[in-house]
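**Q** Sharing a structure, written as structure tokens. Questions coming.
The values are calculated or read from the model by the stated rules, or taken from the named source; none is laboratory data. In this text the structure is predicted, and so the values were computed from the model without any measurement. Cβ atoms come from the backbone with ideal geometry, glycine included; neighbour counts cover every protein chain shown.
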């Protein structure tokens, strides 16, 4: 009998669909990359997903984030995401965590309960904490390297962190992971040299922040606000979803 996952089952087989339905994935960060990862996973038949993010939808998110629309501006991303994902699959178990993942909040999460972890956050300290805790728990993790300040969606590659090149974030991560004794890590990264965004306060929100009052972290706190497009972060997110699906059904 046909169902919403029939077309996927034609390629993956019934056994794979059943494994996905029993799997649970945590997506840390549901912005330009993580939003596309989360939706692709649910559309593929993932049975349970945790969404971790503390941001509200900002007007400047509309150019690249899947859950950002004029109607959702000002709302918490995790709440908007849960509503949309349940419209796609009402049977999915969607847990939301309105928190900014840091070494200080890491104890709130038990990584052994997940079958896979997706790192789509944008701070080095959070990434390192995610990786170390995932390795300690024995839970597979895939990390997204820099997706901002890029224009070529065909330049993304999947590799071990120690085989990456060009990406400045990957270089920093390699250095820090060596110090922590992490010997391998699957990442999605771009071989496109990052562009330098315009230093224009009228565009980068530093002088005219439009985030709602009470927002904990705003663009004004950034040293440099990265430029972005609709067609680069989304590709990274979909590549990550594909890797997670392939690993879960093996």
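**Q** If I ask for residues that are closer than 28 Å to residue 167 by Cα and more than 14 Å from the chain's Cα centre (by Cα), which ones from segment 88-104 would you list?
**A** 99, 102, 103, 104
**Q** Here's another thing I want to ask about it. Looking at segment 105-117, can you tell me whether even one residue there is within 19 Å of residue 234 (Cα to Cα), modelled with pLDDT of 95 or more and buried (at least 21 other Cβ atoms within 10 Å of the Cβ)?
**A** Yes: segment 105-117 contains one or more residues that are within 19 Å of residue 234 (Cα to Cα), modelled with pLDDT of 95 or more and buried (at least 21 other Cβ atoms within 10 Å of the Cβ).
**Q** Here is a further query. When you check residue 102 against the structure, is it modelled with pLDDT of 95 or more, surrounded by fewer than 15 Cβ atoms within 10 Å (Cβ to Cβ) and over 24 Å from residue 248 (Cα atoms), yes or no?
**A** no
**Q** For the subset of segment 113-125 comprising residues that are within 25 Å of residue 168 (Cα to Cα) and not in a helix (DSSP H, G or I), which member is farthest from the chain's Cα centre (by Cα)?
**A** The qualifying residue farthest from the chain's Cα centre (by Cα) is 123.
**Q** Check segment 134-144 and report whether any residue there is at pLDDT 95 or above, outside any strand (DSSP E or B) and within 26 Å of residue 224 (Cβ to Cβ).
**A** No, segment 134-144 contains no residue that is at pLDDT 95 or above, outside any strand (DSSP E or B) and within 26 Å of residue 224 (Cβ to Cβ).
**Q** Could you check residue 168 against (1) loosely packed, with under 14 Cβ neighbours inside 10 Å; (2) over 26 Å from residue 61 (Cβ atoms) and say which number it fails?
**A** (2)
**Q** Further, regarding this structure: Restricting attention to segment 210-218, does a residue exist that is in a loop (DSSP other than H, G, I, E, B), surrounded by fewer than 14 Cβ atoms within 10 Å (Cβ to Cβ), touching a helix residue (DSSP H, G or I) at 6+ places or on another chain (Cβ under 6 Å) and modelled with pLDDT of 95 or more?
**A** No, the conditions are met nowhere in segment 210-218.
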